[in-house]
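Chemist: This is the structure, below, for whatever I ask next.
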Amino acid sequence: MIETNQEPTSPAEAVFRISNGMSAAAVVLAAARLRIADAVGDGSESVQDIATKLDADADALARMLRALAALGIFRQVDPATYAHTDMSSAMRSDHPGRLHDKLMTGGDWGWTMWGRLPQAVRTGECAFVKEYGTDFFSYLDANPDAQDMIYSGMTAWSDPMLPSIVDAIDLTGVRTFADMGGGKGALLHLLLQRNPQIEGLLFEDERMLRVVPDALRTSDPARRCRLVSGNFFEKVEHAADLYLFKLTLHMYDDERVVRALRNCAKAAAPGARIVIADPLLTDPPVTPFAPSMDLHMLLIMGGRERTESDYKAVFERAGLRFRGVTPTDSVLHLVEGEVVA
Ligand SMILES: C[S@@+](CC[C@H](N)C(=O)[O-])C[C@H]1O[C@@H](n2cnc3c(N)ncnc32)[C@H](O)[C@@H]1O
């Protein structure tokens, strides 16, 4: 834990404090896992009562609450009594900001994977397969709780970005829009709602299509939307004017990205566009988000985030014309290529 609120007095102390972020993250994620925020009412609550509700050890819980209060999460009324702060209230599982879902995303594998970073950097290989003996999606299939947690967490994080991403996509000349690996279709639903002239195609793995919500099957946009199961590394049969890959291709290495782009290009007419919506790496780096997501992708999937020149290279290897990068009002950038004759 950080010992003081004062500025670090040396570069060594600054680095040491960054490393202490591990224990702060552990305290916050464990609080979410234990649902402590749900067990504290609107007034002040005794540690003993909270421990009873959570079936937790009262002494260990008191120590945990003290550590949380030191971060501004809960307020210590007295050593045996705590009350909510705005930060702890935001952790309630019914809070509209869905912070609880976001904190639960990584489950147990998240911690395990970050612990394997030295090995992944030494070998350059995906750590997940080595650790669990199976790829990430198969692991999720076999662990429905982990699967629910990651999908709830991903949508809690991604849904608020959708309006800014849909706003940023250039839909000029688009009559058919394909969301490749579009998950449960939330982006496509919004895009079709806003653009009644456009027909949609949700291209997904068979298993994901089974859980597409009714809104994409029965609402007005549903009449303009086809659900197509397939594997974009094997074959894409449907022509579209724009293919979007959002938070999907960063899971894969360049070879596979080139294959997916080529397969779309084969199905499309010249002039069709392919847009990738992922974090953008910059050199030098400006914020920690994209570089840490890049390492996360290495650990979990053997994938990567990319710089603008990395994107240009994969688009050109796939035989497409690279059209450039557009920022959105979210942490994602849109990277665009065009199918040429
Ligand atoms: C991380 S999720 C992103 C979902 C959605 N695009 C979003 O931004 O919320 C990646 C999705 O791509 C799908 N996917 C991954 N590889 C695929 C493939 N080869 N063919 C079809 N779908 C694929 C997965 O089923 C998953 O739903």
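Chemist: Report, ordered by chain and residue number, the aspartates and glutamates lying within cross-link reach of residue 266, taken as a straight Cα distance under 16 Å and ignoring same-chain residues fewer than 8 apart.
Modeler: By straight Cα distance, residue 266 reaches 234, 237, 241, 316, 338.
Chemist: Now, a different point. Given N residues in the chain, what is its alpha carbon radius of gyration divided by 2.2 N^0.38 Å?
Modeler: On the way: Rg = 22.6 Å, N = 341, 2.2 N^0.38 = 20.2 Å.
Dividing the Cα Rg of the chain by 2.2 N^0.38 Å gives 1.12.
Chemist: On a full-extension model of 0.36 nm per residue, what is the gain between residue 111 and residue 141, subtracting their alpha-carbon distance, rounded to one decimal in nm?
Modeler: Details: separation 30, 0.36 × 30 = 10.80 nm, distance 1.94 nm.
Length gained between residue 111 and residue 141: 8.9 nm.
Chemist: Now, a different point. Sorted from largest down, what three extents in whole angstroms do the Cα atoms of segment 11-94 have along their principal axes?
Modeler: Projected onto the principal axes, the Cα atoms of segment 11-94 cover 43, 27, 22 Å.
Chemist: Between the DSSP loop rule and a limit of at most 16 other Cβ atoms within 10 Å, which GluC sites (Glu not before Pro) in segment 231-288 are left? Please list the in-between numbers first.
Modeler: On the way: sites: 234, 237, 255; in loops: 234, 237.
Those that pass, being in a loop and sparsely packed, are 234, 237.
Chemist: Sort 210, 226, 98 so that the residue with the fewest other Cβ atoms within 10 Å of its own Cβ comes first and the one with the most comes last.
Modeler: On the way: 210 10, 226 13, 98 18.
Placing the least packed residue first, the sequence is 210, 226, 98.
Chemist: Can you give me the three principal axis dimensions of segment 112-197 from its C-alpha atoms, in Å, biggest first?
Modeler: Between the extreme Cα coordinates on each principal axis of segment 112-197 lie 49, 29, 21 Å.
Chemist: With a cap of 11 neighbouring Cβ atoms within 10 Å, and only residues DSSP puts in a loop, list the chymotrypsin sites (Phe, Trp or Tyr not before Pro) found in segment 244-341.
Modeler: Working: sites: 245, 252, 289, 311, 315, 322; in loops: 252.
Passing sites in segment 244-341 do not exist.
Chemist: 5 Å is the cut-off here: which amide hydrogens, built 1.01 Å from N in the peptide plane, fall below it relative to residue 81, excluding neighbours closer than 5 in sequence?
Modeler: Answer set, sorted by chain and number: 47.
Chemist: Oh, and also: Can you return the aspartates and glutamates within cross-link range of residue 235? Criterion is Cα-Cα under 16 Å, with same-chain partners fewer than 8 residues away left out.
Modeler: 179, 204, 205, 206, 255
Chemist: Could you give the nm distance between label points at residue 256 and residue 148, where each point is 7 Å from its Cα heading toward the beta carbon?
Modeler: Spacing of the two 7 Å Cα→Cβ label points: 2.7 nm.
Just so you know, all these numbers are worked out from the coordinates, no wet-lab data involved. Worth saying up front: this structure is predicted, and the values here are computed from it rather than measured. Neighbour counts run over all protein chains shown; Cβ positions are idealised from the backbone, glycine included.
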